[in-house]
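Comments concern the structure below.
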Amino acid sequence: MKTSLVASRLFFASFISLLFFGSVIWKLPARAIAQSAIPDDVKHDTPGQFIKPGQSVHIDVNLALVNVTVTDPYDRLVTGLEPDNFRIFEDNIEQELVNFSSEDVPISIGVILDFSGSMANKLGKAKEAAFQFFKTANPQDEFFLVGFNERAQLLSPFTHNVEDLQSRMLSASAKGKTALLDAIYLGLTQMRGAANGKRALLIISDGGDNNSRYNEKDIKRLVREAGTQLYSVGIFDAFEYRSRTQEELSGPSLLSEVTELTGGRAFTVENISELPDIAAKIGEELRNQYILGYRPSNKSHDARWRKIKIKLRAPKGLPPLSVYAKTGYYAPSL
């Protein structure tokens, strides 16, 4: 399918990090939202500085880095935009864009795979989806694997060996209850040892939770603070065929809420044959993103939630574009 967009292809993004006091603080939480282009009469900022591939980025104290995804009306990712196409607001105050990049960078990724009993007829395709996702890896990427049923367990710590991860998945079988929230907690805990600044979790599950120690409130608070972007592939039966347990019915909304809080997206699959293509799409999206950098004008260290909004000044002639990003972060406390 062709389009007249500047450059439209698979692309997705996550907010990367906020760097305060010379250290990396990954706190850019809240749900991803679609935002329309801003009118031409809005004040235009100083153009951001281009960061060329291979060029090192000097990380300044108080420099906030934000990952942004732009899509067209067909949900295809849009590339080729320039710094002056973007504007950043923090607590409704416009910020100056000082850094700009669309370079692919190494990623630390955790895959969280559902081995519970309800996945019995879906697990084969779920494993195939994970294999397709791994195929999008770059040599500098690192992965770990968490499996869960009635409890979550780390099946492989961080490794660059994708074949090892695949072999560990092959022997897993579906049985038991579902401790999805515990698995997310374990994944975020494991991510603290990540070597790369950019971090993401991919959850492949049919959703719902009926055996976790942690509750939704615990996990939502954690993902807001973790600086890791969550994506999910939810494998659901059509609504009228789902079990009538509350866990099964709430599965789609649970996955959607925890991913959106981090600036990620939840993909819903009712035909399991689509799983590998969706997983590959997510992998490609992780490789295509805009990274916007600004120095927050609010220098207070009050640990308070600050809202972020990205607006787009789209090139003339393009259809309405949508912007996806986290909508806030917690300010430093010291």
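The values are calculated or read from the model by the stated rules, or taken from the named source; none is laboratory data. Everything numeric in this text was worked out from a predicted model, so none of it was measured. Cβ coordinates were reconstructed from backbone atoms using ideal geometry, including for glycine residues, and neighbour counts include every protein chain displayed. Remember, those area values only see protein heavy atoms, side chains included, never the ligands or the DNA or RNA. Shrake-Rupley method; radii C 1.70, N 1.55, O 1.52, S 1.80 Å.
In debye, nearest 20, what is the charge dipole magnitude of the range 61-186 about its Cα centre with +1 on Lys and Arg Cβ and -1 on Asp and Glu Cβ, if you could check? Please list the in-between numbers first.
On the way: 10 positive and 18 negative charges, 218 e Å.
For the range 61-186, the charge dipole is close to 1040 debye.
Ignoring any ligand, DNA or RNA, what whole percent of the accessible area of the range 125-224 comes from carbon and sulfur when the probe is 1.4 angstrom? Each step should come with its number before you reach the end.
Working: 1940 of 4380 Å².
Carbon and sulfur atoms account for 44 percent of the accessible area of the range 125-224.
When the chain is fully extended, how far beyond the present Cα-Cα distance does T189 get from S333, taking 0.36 nm per residue of separation?
Values: separation 144, 0.36 × 144 = 51.84 nm, distance 2.13 nm.
Full extension from T189 to S333 adds 49.7 nm.
Work out how far the C-alpha atoms of the range 84-203 reach from end to end along every principal axis, then list the three figures in whole Å, largest first.
Principal-axis extents of the Cα atoms in the range 84-203, largest first: 52, 32, 26 Å.
Counting Lys +1, Arg +1, Asp -1, Glu -1, what net charge surrounds S108 among other residues with beta carbon under 12 Å of its beta carbon? Show your work: numbers first, answer last.
Details: positive: R192, K198, R199; negative: D141, E142.
My count for the surroundings of S108 gives +1.
Given 0.36 nm per residue, what is the gain on full extension from E284 to Q166 after removing their alpha carbon distance, in nm? Mind dumping the intermediate values first?
Numbers: separation 118, 0.36 × 118 = 42.48 nm, distance 1.92 nm.
That pair, E284 and Q166, stretches by 40.6 nm at full extension.
In what sequence, highest mean first, do 307-316, 122-131 appear when ranked by Cβ atoms within 10 angstrom? Mind showing how you got there, number by number?
On the way: 307-316: 17.2, 122-131: 20.5.
Those peptides, ordered most packed to least, come out 122-131, 307-316.
For the ranges 319-326, 85-92, what's the packing order if you count other beta-carbon atoms within 10 Å of each residue, average per peptide, and put the highest first?
Details: 319-326: 20.9, 85-92: 18.0.
Result, highest mean first: 319-326, 85-92.
Once you charge only the Cβ atoms, +1 for Lys and Arg and -1 for Asp and Glu, what is the size of the charge dipole of the range 144-229 about its Cα centre, to the nearest 20 debye? Write down the numbers at each step before the final one.
On the way: 12 positive and 9 negative charges, 52 e Å.
The dipole of the range 144-229 has a size of about 240 debye.
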